[in-house]
Amino acid sequence: MQTSAPHTAPYGTWPSPLTAADIVAAGVGLSQPRFTGPHIYWLESRPTEGGRNVVVRRGPDGRCEDVNAAPLNARTRVHEYGGGDYLVLDDGSVLLSDFADQRLHRVGGQGAAQAVTAHEGDAALRYADAVQDPQRARVLCVREDHRGGGEPLNTLVAITLADGVQTVLHAGRDFYAAPRLSPDGCQLAWLAWDHPHMPWDAAELWLAEADAEGRLPSPRRIAGGDGVAIVQPEWSPDGRLHYLSDATGWWNLYRHSDEAAAPLVALEAEFGRPAWQFGGSSYAFDGPGRIVCSYLRGGMAQLALVDTASGTLRDLDTPFNTIGHLRAAGGCALFMAASAHDAGGLYLMDLASAHLELLRAASSLKLDAGFVSAAQAITFATPSVPGEPSAVAHGFFYPPQNADCAAPPGDKPPLLVMSHGGPTSMAAPALSARIQFWTSRGIAVLDVNYGGSSGYGRAYRQRLAGRWGVVDVLDCIAGAQHLVQQGRVDGARLAITGGSAGGYTTLAALAFHDVFRAGASHYGIGDLEALARDTHKFESRYLDQLVGPYPAQAALYRERSPIHHTQGLSCPVIFFQGLEDRVVPPNQAEAMVQALRVKGVPVAYLPFAGEQHGFRQAHNMRRALEAELVFYGRVFGFTPAGDLEPVPIDNLPG
């Protein structure tokens with residue numbers, strides 16, 4: 001808290017109360033909440049335990065306990081991104097996928113674990129998104145089979161809980177998701193799609209009657225495909241199937257009937273999210289007549305109620321701008337949420353009184369308001385590409401903010417442009433300790449929702465079709481130049497950073513344009529051809545949509561790959577890479593680093609043993625954040641405050 005007049009110091013050198021160690025130690029990843037009788041469950045990813053995922057149970061008295069003791073790690077590797085990692089069974093036991101062996105384990109009330117599925121060696125069988133079929137004493141789930149070599153086989157399977165016997169219910173499609181059993185156990189709905197589509201491109205909704213043995217003899221497609229993507233099928237308590245469809249250009253809420261499909265609620269807003277992981281939920285039933293939902297408009301989330309009889313929607317007043325993982329029961333809603341001034345966490349809301357209770361904070365950090373830079377939504381013109389009219393892009397700007405410091409008169413801050421992953425993901429405006437790490441030190445941040453991002457409708461997502469490495473890069477550049485023209489940042493100190501797909505956008509911006517003066521690639525893509533050849537099944541044909549069919553358009557892949565254009569790279573770059581990454585293998589970063597070393601461009605490389613796609617170990621997360629700050633300080637000529645470990649930088653004088 002400020003106790004005297006701010007002292008004058010150059011941008012980037014401001015002492016901050018927010019350290020990398022604090023950010024990592026104080027934060028947990030929260031997801032997949034569940035109502036089950038009087039108990040509430042959720043999943044925690046704990047950096048201080050090496051990223052182990054723990055199912056937490058909260059009793060009616062408010063006491064919390066871990067369900068799975070170490071070393072059990074509730075994390076499936078289906079699609080590599082996981083989700084749908086656990087299921088609470090009717091008897092109160094928890095069925096979860098263990099990361100180490102990918103077997104399903106049943107954990108009882110006293111924490112004793114028993115393996116349900118057989119050991120196949122090297123995590124050859126993987127399971128996700130299970131639902132219980134209590135009438136037949138089994139669970140239904142997605143199975144990914146790696147036993148045959150080559151591309152794994154995805155199916156819908158039933159697993160008998162007593163003996164682990166598995167029965168394939170449906171096969172023949174490249175991908176399956178969201179098996180959902182009707183309340184009477186007589187019908188099963190699910191999603192399916194095939195290469196080269198991703199689930200947000202053309203996922204289909206299927207429905208089948210279950211026979212006496214629980215088989216599905218006559219499945220039929222009832223929605224989706226042909227340029228329409230379905231997400232999150234759900235049954236109402238009275239047995240009516242609902243789902244989200246983007247047939248109107250926006251993911252709206254539908255109720256299945258034999259008549260022509262029409263939205264139950266039609267808004268130019270996104271009720272759905274891209275299914276990068278299993279088990280997402282943006283709406284839930286609080287009885288047969290009422291749905292609790294969240295939707296996105298202009299990148300901002302809104303909580304609302306839907307009357308299922310009339311289709312009317314009523315917004316609920318909350319302080320949040322980011323809402324997800326929504327569940328409902330007994331007049332209450334359970335969801336993850338955050339605001340521009342609060343990192344938030346898991347909330348329980350009484351729908352009658354609108355009373356909010358924070359059940360679990362996403363971070364224990366308490367940052368004084370004088371050090372918080374709130375997101376400012378901005379929209380800016382961006383260059384159109386052939387076949388596209390004049391375009392705009394979106395982002396959230398965070399100016400430097402530190403109650404104890406002020407910059408010298410006339411000084412302008414460096415700008416760090418953030419390019420999110422996916423690329424079909426989105427930047428959210430909620431308070432992020434990682435963004436405040438930069439702004440509280442005097443570095444401005446622009447978090448860009450470039451063309452291809454979610455939250456702005458299907459047409460905006462499709463801006464990136466065939467133009468990855470072009471539209472996203474031009475939008476990031478346009479956002480930075482917009483702020484320079486407004487006089488809000490220093491045009492000579494522009495940096496860009498991103499992870500995974502955002503790392504590719506970062507490298508492409510540096511290789512093909514001379515705007516940014518530094519960059520940071522976190523497990524980013526340098527070689528599109530290598531990605532098309534080497535990545536996992538879920539994304540193995542993603543680039544058909546983003547770039548073009550491979551190998552037919554191999555020349556275009558080389559044209560768009562930064563690894564083949566290092567002659568255009570003339571500014572310093574730092575690379576961060578997990579050595580066990582299957583999504584973007586380490587050879588991508590290592591090839592780029594070597595090319596820059598040979599060329600004489602300043603380059604730093606920090607590999608992390610034991611890390612996969614995205615860092616989960618506290619020490620590595622801290623090291624990456626601090627090293628990026630030190631790197632920018634060296635490049636831009638300022639000395640960050642604090643006791644920070646040096647970063648070896650090849651080819652950088654001094």
key: Hits in the range 334-352 (condition: touching a Cys at 6+ places or on another chain (Cβ under 7 Å) and part of a strand (DSSP E or B))   = LEU348, MET349, ASP350
query = Do you know which residues across the range 3-60 are polar (S, T, N, Q) and either assigned to a helix (DSSP H, G or I) or closer than 30 Å to GLY279 by Cα (or both)?
reply = SER31, GLN32, THR36, SER45, THR48, ASN53
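When the residues of the range 63-91 are narrowed to those that are of a type in the set (Gly, Ala, Ser) and within 25 Å of PRO134 (Cα to Cα), which ends up surrounded by the fewest Cβ atoms within 10 Å (Cβ to Cβ)?
GLY83
So which helices (runs of 4 or more DSSP H) are wholly in the range 449-560 and hold at least 1 residues that are farther than 30 Å from GLY637 by Cβ and within 19 Å of the chain's Cα centre (by Cα)?
Passing ranges, in order: 458-461, 501-512, 542-546.
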key: Candidates THR117, THR155, THR167, filtered to the one that is open to solvent by less than 20 Å² (accessible area, probe 1.4 Å), in contact with a strand residue (DSSP E or B) (Cβ under 6 Å, 6 or more places away or on another chain), over 20 Å from ALA203 (Cα atoms) and not aliphatic (A, V, I, L, M)   = THR117
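Conditions tested, residue by residue: (1) assigned to a strand (DSSP E or B); (2) open to solvent by less than 70 Å² (accessible area, probe 1.4 Å); (3) at positive phi; (4) in contact with a helix residue (DSSP H, G or I) (Cβ under 9 Å, 6 or more places away or on another chain).
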site: ALA354; (1), (2), (3), (4): no, yes, yes, no
site: LEU359; (1), (2), (3), (4): yes, yes, no, no
site: ALA377; (1), (2), (3), (4): yes, yes, no, no
site: PRO386; (1), (2), (3), (4): no, no, no, no
site: HIS394; (1), (2), (3), (4): yes, yes, no, yes
site: ALA403; (1), (2), (3), (4): no, yes, no, yes
site: PRO408; (1), (2), (3), (4): no, yes, no, no
site: ASP411; (1), (2), (3), (4): no, yes, no, no
site: VAL417; (1), (2), (3), (4): yes, yes, no, yes
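Results for (1) β-branched (Val, Ile, Thr); (2) open to solvent by less than 20 Å² (accessible area, probe 1.4 Å); (3) modelled with pLDDT of 90 or more, shown as yes or no for each residue.
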residue: GLN577; (1), (2), (3): no, yes, yes
residue: VAL584; (1), (2), (3): yes, yes, no
residue: MET592; (1), (2), (3): no, yes, no
residue: ALA595; (1), (2), (3): no, no, no
residue: VAL598; (1), (2), (3): yes, no, yes
residue: VAL603; (1), (2), (3): yes, yes, yes
residue: PHE608; (1), (2), (3): no, yes, yes
residue: GLU611; (1), (2), (3): no, yes, yes
residue: VAL635; (1), (2), (3): yes, no, yes
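Results for (1) in contact with a Ser or Thr (Cβ under 6 Å, 6 or more places away or on another chain); (2) surrounded by 17 or more Cβ atoms within 10 Å (Cβ to Cβ); (3) modelled with pLDDT of 95 or more, shown as yes or no for each residue.
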position	(1), (2), (3)
LEU241	no, yes, yes
TRP251	no, yes, yes
GLU259	no, no, no
TYR283	no, yes, yes
PRO288	yes, no, no
query = Is the range 277-295 home to any residue that is hydroxyl-bearing (Ser, Thr, Tyr), part of a loop (DSSP other than H, G, I, E, B) and in contact (Cβ under 8 Å) with a residue 60 or more places away in the chain?
reply = no
remark   = (1) surrounded by 22 or more Cβ atoms within 10 Å (Cβ to Cβ); (2) touching a helix residue (DSSP H, G or I) at 6+ places or on another chain (Cβ under 9 Å); (3) assigned to a loop (DSSP other than H, G, I, E, B) all hold for SER425 apart from (1)
query = Across the range 120-140, which residue is farthest from VAL231 (Cα to Cα) among those that are surrounded by 15 or more Cβ atoms within 10 Å (Cβ to Cβ) and free of Cβ contacts under 8 Å to residues at least 40 places away in the same chain?
reply = GLU120
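The values are calculated or read from the model by the stated rules, or taken from the named source; none is laboratory data. Keep in mind it's a predicted model, so treat the numbers as computed, not measured. As a convention, Cβ positions derive from the backbone with ideal geometry for all residues, glycine included, and neighbour counts pool all protein chains shown. Ligands, DNA and RNA are stripped out before the accessible areas are found, and what is left, the full protein with its side chains, is counted by its heavy atoms. Shrake-Rupley method; radii C 1.70, N 1.55, O 1.52, S 1.80 Å.
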